[in-house]
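Presented below is the structure to which this report refers.
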Amino acid sequence: MWPLKVFFSLPISELNSNRITSLPPDVFIRYRNLERLHLQNNSIKSISYRAFSGLYKLRKLFLSQNRITKLKAGIFRDLQNLEWLILDENKIVSIRQKSFEGLKSLFFLSLLNNSLKHIPRKSFCLEMPRLNWLEMEGNMISSLRGSSFEECTSLTVLALRRNQIQSIEEGTFSAMQRLIDLDLSVNRIQELPPSLFKSLQNLKQLNISNNPMTYIPDDQFDSFVNLQSLGMEDIEIPNISIRMFRSLSNLSHIYFKKFEYCGYSPNVRSCKPNTDGISSFENLLANIILRVFVWVVAFIICFGNVFVICLRSCIASENRHHTMAIKSLCCADCLMGVYLFFIGAFDIKYCGEYNRHAQMWMESLQCQLIGSLAMLSTEVSVMVLTYMTLEKYLCIVFPFHNYRAGRKQTLFSLISIWIVGFMIAVIPFWDKHTFGNYYGRNGVCFPLHSDLMEKPGARNYSTGIFLGLNLFAFIMIVFSYTSMFYSVRKTAKTARQSIFDREVTIAKRFFFIVFTDAMCWIPIFLLKILSLLQVEITGTIILWVVIFILPINSALNPILYTITTNSFQERIKLCLQMKWQQVGLKETPRSISTIYTQTSAP
């Protein structure tokens, strides 16, 4: 056992995790050499006015995880060399300026996870002139007054995270010219005073995340010439602009709620989130698979539709009006392939440095034009398909009405469809105030998903197109093909086996037409409905829809409406037979003369 003299001269006392409930007067009077005192994880409720008397050499005091509710004035008056005071996870409701009397050397004060409701009106740091680090996270502070931190000139770190701060007076941080790190996240701040950060020219880290702000002035961060990290997670910034971050020349890390905001800080080295599922910090198309397949799908669409247009032009058809509609459909579908080619090309152009050009790209004329091209392709394709379906429906279901669209009627209908499609695509250009940046909501320039920042006019317009016009067209197509199949089946009930086989073939064909339409449009309808209900949809899903699902009809229409049809196949066979016959006739004389020459040779 150590002698008492040695025990009393020890510099450290470990009294944590006991059942101490109070600290009586002069309890440590004999331990004058103590430099560190651990009293955490006890049940201390009250501390006597003279509990720490004589501890002139004490440098670190740990009082966390106790039941302290208040700090009496002057209880630390003898702790003139104390550097660390840890009061975390107590039940302290209020503090006064005199509570910290005597702490002339205090460097670090932690009041984490208490029940503080306010900070003293008079300067909090008056008795702690050397206070460098103040932790007040997890309290119930509701406001910050301008006079509370008047004397905190040495403060470099101030953490006020997870409080209930609603208002901050102008000039609250004016004395903190040495402040390096300020954390105001997870509070209830709705608005920041315009000149709140004017004196914080040395600040390097600012976190204002998770506050219900809806507006931030463009010049709010102008004084932050040395700022390196800015946290703005879970904050909607409808007025965000490049001007807002222009003065932050040393900013290297920024944290937003949405990836699309990263485009407004193009010179930042690291921005989170670094992808929205559609684009990434480096590339316009985030997914390497989609970066390859955008070219594959574009090629399939363009090749298939151009092939059909050429074949339809070369081979004479009995129903020229139907051929005209098919060619029109192929032209519309081909535009979707052109759109995908452009997306792939700009993905290559911005490869490795997309964020530097993201905002410029989404606001550019090129993005607007290719977005309108995709919209034109989609809507014209939908309307032509509906027109062809209704025409076929009238001919099959009402065969005795002798309805046949003439050349002029067909031409007029197709021209009208293209005009309507063009109008749908260009209307968002007419009124920027109503539609905003309609096509530039994401990197692929297609307005499929709605969010809070989208203007009401734009949201209503896209809803009217996707859940109005397109949904109505889809229902019409499904209804028409169902009626046609029912009509064909009804007529073939008493027919021979050959007619029954034809009925099965027609049924399969009708099924695949409706099935491909459903594959294309049902996911889009669901996506639009979920986005209107403000259900969070990852950008990855939107990208897969735009690259794979939306172009399904454009890729399959040439097959369904041309290549797989019996009449078209028969005409191809007939043409090939005629070509072979012509070749055969040319070869016959040559063959006879050759045989004669060979037989007559010596």
What are the lysines whose alpha-carbon lies under 22 Å from the alpha-carbon of K392, with same-chain residues fewer than 8 places away excluded?
K327, K408, K490, K493, K508
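Hydropathy at least -1.0 by Kyte-Doolittle, axial extent at least 30 angstrom from the Cα trace: which helices of the chain, defined as entire DSSP H runs, fit?
288-314, 320-349, 365-397, 407-430, 470-491, 497-532, 566-600
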Rounded to whole Hz and in sequence order, give me ³J(HN,Hα) for the range 261-271 from the Karplus expression 6.51 cos²θ - 1.76 cosθ + 1.60, θ = phi - 60°, writing x for Gly and Pro.
5, 4, x, 8, 10, x, 8, 7, 6, 9, 10
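Within 10 Å of each residue's Cβ, count the other Cβ atoms and sort V382, V535 from fewest upward. Walk me through the numbers before you get to the answer.
Numbers: V382 24, V535 9.
Listing V382, V535 from fewest to most nearby Cβ atoms yields V535, V382.
With charges only on Cβ, +1 for K and R and -1 for D and E, what is the dipole size of the chain about its Cα centre, in debye, rounded to 20?
Details: 62 positive and 43 negative charges, 184 e Å.
Around 880 debye, computed over the chain.
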Proxy reagent accessibility, fewest Cβ within 10 Å first, across M388, M136
M388, M136
To two decimal places, what compactness ratio does the chain give when its Cα radius of gyration is scaled by 2.2 N^0.38 Å?
1.53
Within 10 Å of each residue's Cβ, count the other Cβ atoms and sort R121, R312, R145 from fewest upward.
R121, R145, R312
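Over the chain, what is the relative contact order in whole percent, taking alpha-carbon pairs under 8 Å and six or more residues apart? Write down the numbers at each step before the final one.
Numbers: 1166 pairs, mean separation 41.2, N = 602.
Computed value for the chain: 7 percent relative contact order.
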Give me the extension gain from I419 to F548: residue separation times 0.36 nm, minus the current Cα-Cα distance, reported in nm with one decimal.
43.8 nm
In terms of Cα to Cα distance under 21 Å, which lysines are near enough to K91, apart from those fewer than 8 places away along the same chain?
K45, K60, K70, K72, K117
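Relative contact order for the range 1-138: what percent, with Cα pairs under 8 Å and sequence separation of 6 or more?
On the way: 373 pairs, mean separation 23.9, N = 138.
Relative contact order for the range 1-138 comes out at 17 percent.
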Rounded if a/c is under 1.5, else prolate if a/b beats b/c, else oblate: with a ≥ b ≥ c from the C-alpha gyration tensor eigenvalues square-rooted, which is the range 19-143?
oblate
If you plug each phi of the range 171-180 into the Karplus form 6.51 cos²θ - 1.76 cosθ + 1.60 with θ = phi - 60°, what whole-Hz ³J(HN,Hα) values come out, in order, with x for Gly and Pro?
x, 4, 9, 5, 7, 8, 6, 9, 4, 10
With each pseudo-label sitting 7 Å past Cα toward Cβ, what's the L533-K117 distance in nm, one decimal?
4.2
Report, ordered by chain and residue number, the lysines lying within cross-link reach of K198, taken as a straight Cα distance under 22 Å and ignoring same-chain residues fewer than 8 apart.
K122
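The numbers here are math on the coordinates, done by the rules we state, and not lab data. Worth saying up front: this structure is predicted, and the values here are computed from it rather than measured. So basically every Cβ, Gly included, is an ideal-geometry build from the backbone, and we count neighbours across all protein chains shown.
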